[in-house]
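Right, one structure below, let's go through it.
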Amino acid sequence: MNMRDTSLAAFDEIRPFLGKMQYNVLVFMAQQDRPVCNAEIASGMGRPINTITPRVKELRDKLFVREYKKQTGPNGRTVWYWQLEPELPSPASLYFGEII
């Protein structure tokens with residue numbers, strides 16, 4: 001079982017604590033071979049970026065996703081790349097609203 005398979009299996013345990021789009025973003029990220037930015041997630045999922053950016057923020061707040069790096073994009077704006085946390089929060093910590 002590789003990292004992606006392990007992540008996808010772990011997502012099944014936490015799925016009840018996620019919205020549909022949050023879950024879909026996590027699955028998309030787990031399927032990638034490298035960290036991705038919001039624009040890549042949006043393009044890969046066929047969704048507008050304004051539906052992805054808030055979901056990534058929510059996933060960061062829930063400690064599922066973390067910053068990998070930032071760099072200046074072709075338009076001169078900062079682009080953040082994200083990766084999955086190596087260890088996802090436990091379902092119990094999500095249920096009780098705290099990290100344990």
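Read-outs throughout are calculated quantities, based only on the coordinates presented, and are distinct from any laboratory measurement. Since we're looking at a predicted model, the values are computed, not measured. All Cβ positions, even for glycine, are placed from backbone atoms using ideal geometry, and neighbour counts span all protein chains on display.
What the table below lists for this structure:
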| item | result |
| --- | --- |
| Mean Cβ count within 10 Å, highest first, over the residues of peptides 71-80, 49-58 | 49-58, 71-80 |
| Spacing of the two label points (7 Å from each Cα toward its C-beta) at I49 and E67, in nm | 1.8 nm |
| Phi-based couplings in Hz for region 11-27 (Karplus 6.51, -1.76, 1.60; Gly and Pro marked x) | 4, 4, 6, 9, 3, x, 9, 10, x, 4, 5, 4, 4, 4, 5, 4, 4 |
